[in-house]
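Reviewing the structure listed below.
Laboratory data are not the source of any read-out in this text; all were calculated from the coordinates shown. For clarity, every value in this text was computed on a predicted model and none was experimentally measured. Don't worry about glycine lacking a Cβ; one is built from the backbone with ideal geometry, like all the others, and counts go over all protein chains shown.
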Amino acid sequence: MSAGRPDGRPRPVRSRDPQVHPLPTGREEEWRFTPLRRLGGLLGGPAADATFTVDVEAPPGVTVERVGIDDARVGRVLTPADRVSAFAMTRAEHAVVVTVPAEAAPDTPVVVRLHGSGGTAYGHLVVEVGAFASVTVVLDHTGQAVFAGNVELSIGDSASLVFVSLQDWDPGAVHVAAHAARVGRDARFRSFTVTLGGDLVRLSPTVTYAGPGGDAELYGLFFTDAGQHQEHRLLVDHSPRSCRSRVAYKGALQGEGAHAVWIGDVVIGADAVGTDTYELNRNLVLTDGARADSVPNLEISTGEVVGAGHASATGRFDDEALFYLMARGIPADEARRLVVRGFFAEIVDRIEIDSLRERITAAVEAELDGVV
């Protein structure tokens, strides 16, 4: 391990070589919440044997390539920080590279659909957005698989990227992935992570800045059902000056053994004067037997910041809101639905693709059918 953080946690090793990364025991801070036995063997890097399809829809002017994992564009933004990510980079048969040229502004989103029909699979996606370009990219996971993946997002100077990652797996799927975004000078990045299905999903999004003036907003929505483990581990690394970040993740949990984990790390370097950052996590526990772990962390090495803060809360239904609705003649079950819809509305309403908003809302409604 390299030099430690001020709070005593070691900084992760970064390497493409899986053997450089120690095999976790479950006692490490990075792995203590993760049920290692449910990772489908991904820590050992089993051979890919899945029936797995990757389809890409791209508007005119956007280039889509399938390249070897040794392509120079692979690894520019992301260097693996754990064994699963390293295996994903070394065992993927190819990488999908989506290139949006400078100053382009496609009217429709790029849609990348990944669908599994069983077995183990690895994937690598690279998105490069040229300077002054603007685009939306949707990454849609469905089906059944034990899947390890990496995503690299490079946003050029003064460019804009909206990235939506939807985890809508069938029951029993395992998904472990690292997402890395590098935000250019005066660039804008908006991320939406929606996790609904699967047996175990563990995502590690990171954001770094390539110059001053970068702006990143990371939103998340998750609904953790009985027996599911959903884990989101975020890192926003402020090194250049005058950059901004906002993080807001909201989750609902129901059923025996439902377990949600949210880790939010924000690092503000010594030269990152003028940083403006805030992170938020809210969890709504709908039934007994569910557990939410929420750990926000701030590491600040300069006092010259615009703002730096975090908030985290886990609780049950708002009794006052329920009473208010029921006092106006709304039945208890419908009142609970309205409270949950309102809880998620802050995230869902920010997604500007109508079909996705409708799909997510329908999925949440289906989940609520099991609890109200």
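Things worth noting here:
- Build a GNM of the chain with springs between Cα atoms under 10 Å apart, and of 281, 150, 297 the one that fluctuates most is 297.
- Distance (nanometres) between label positions extended 7 Å along Cα→Cβ at residue 134 and residue 36: 4.8
- Spherically averaged projected area in nm², based on the convex hull that wraps the Cα atoms of segment 225-372: 10.1
- Segment 119-143 and segment 277-307: distance between their alpha carbon centers, rounded to Å: 27
- In segment 54-119, GluC sites (Glu not before Pro) in a DSSP loop with at most 16 other beta-carbon atoms within 10 Å: 93, 103
- Here the chain carries DSSP beta bridges of which approximately 10% are antiparallel, counting only pairs with both residues inside.
- Dipole magnitude (debye, nearest 20) for the chain, charges at Cβ of Lys, Arg, Asp, Glu: 720
- For the chain, adding -39500 (n - 2.57) for each run of n ≥ 4 DSSP H residues and dividing by the number of residues yields -4000 deg cm²/dmol at 222 nm.
- Per-residue packing, averaged as other Cβ atoms within 10 Å, sorts the ranges 336-346, 215-225, 306-316 into the order 215-225, 336-346, 306-316, beginning with the highest.
- When you restrict to C-alpha pairs under 8 Å that are six or more residues apart and normalise by the size of the chain, the relative contact order lands at 9 percent.
- Answer label, with log10 I(q)/I(0) by the Debye sum over Cα atoms at q = 0.08 Å⁻¹ calculated from the coordinates and candidates (i) -0.39; (ii) -0.58; (iii) -0.53: (i)
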